[in-house]
Amino acid sequence: MEDKNIKKSFDPIVDADSKILILGSLPSDKSINLNEYYGNKTNQFWNIISLVFEKQKIDFENYSEKIQFLKEHHIALWDVYCSAERMGSLDTNIKNGKFNDIKKLLNTYTNIQTILVNGKKAETAFKKYMKNRNIDYKYKYVPSSSSANTKYTVLEKAGFWKRAMFELK
């Protein structure tokens, strides 16, 4: 019998033109059920991404449109963890995480110049991943797109994300 508390990430959204890699921690239960990155409508990821490149947020029609938007802007998307134990969807509940092979992804998609880590849990996990593999790669922390992160408004988060995408070299 499968353990409902074992959560798994999705395949990366990436192509040869990707220049920016955004790493989350692990998909939420809602995202897993929908089989979509940031599928929970309360998560602000898609609003933030659209605000980084547009003057106002985009109301995407469907998931395919969201993926097309990422590709048009040379953004790859993945998670630090390939699997972990987690009750519910909170990052604070993640235990015994197993890492995705980020090094292999970076070696395969060599146009990726910038890595953004979405939230503190993703940053902590990414640092551990890098240290254990002796990888030295520039990355930038960005405030979590989760609606649970109420420290900043969506517009403030979009400002942080935009600076991180375009100022880190």
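For a label point 7 angstrom out from the Cα of K98 toward its Cβ, which stretches of the stretch 1-26 have the backbone nitrogen within less than 17 Å?
The answer is 1-12, 26, whose backbone nitrogens lie closer than 17 Å to the label point.
Be a star and scan the stretch 63-90 for residues whose amide nitrogen sits under 17 Å from the point 7 Å along the Cα-to-Cβ vector of K128.
Counting only backbone N, you get 79-87, 90.
By count of other Cβ within 10 Å, fewest leading, how are E156, E36, E167, E123 ordered? Don't skip to the answer; put the middle values down first.
Details: E156 12, E36 17, E167 9, E123 20.
Least to most surrounded, the residues fall as E167, E156, E36, E123.
List the trypsin sites (Lys or Arg not before Pro) within the stretch 1-43 that fall in a DSSP loop (any state other than H, G, I, E or B) and whose Cβ has at most 11 other Cβ atoms within 10 Å.
Working: sites: K4, K7, K8, K19, K30, K41; in loops: K4, K19, K41.
Here the trypsin sites (Lys or Arg not before Pro) that fit, given the DSSP loop and packing criteria, are K4, K41.
Going down the list K127/K162; K19/K151; K71/K140; K71/K162; K4/K103, which pairs span over 26 Å between their C-alpha atoms? Numbers along the way, then the final one.
Values: K127/K162 22 Å; K19/K151 28 Å; K71/K140 20 Å; K71/K162 17 Å; K4/K103 29 Å.
Correct reply: K19/K151; K4/K103.
If each DSSP helix of 4+ residues adds -39,500 (n - 2.57) and the sum is divided by the residues in the chain, what number results at 222 nm, nearest 500 deg cm²/dmol?
Details: 6 runs with 59 residues, N = 169.
Per the formula, -10000 deg cm²/dmol.
For the chain, what is the largest minus smallest coordinate of the Cα atoms on each principal axis, given in angstrom and ordered from greatest to least?
Result, largest extent first: 47, 34, 30 Å.
Would you mind checking which residues have amide H under 5 Å from G119's amide H? H placed 1.01 Å from N; only 5 or more apart, or other chain.
V142, S144
Considering only C-alpha atoms, what is the centroid distance from the stretch 108-142 to the stretch 147-162, in Å?
So the separation of the two Cα centres works out to 20 Å.
Taking the Cβ-Cβ separation of F166 and N107 as r and a Förster radius of 25 Å, what is the calculated FRET efficiency to the nearest 0.05? The partial results should precede the final answer.
Details: r = 24 Å, r/R0 = 0.98.
According to the calculation, E is roughly 0.55.
Throughout, read-outs are computed from the coordinates displayed, never taken from laboratory work. All values reported here derive from a predicted model rather than from experimental measurement. So basically every Cβ, Gly included, is an ideal-geometry build from the backbone, and we count neighbours across all protein chains shown.
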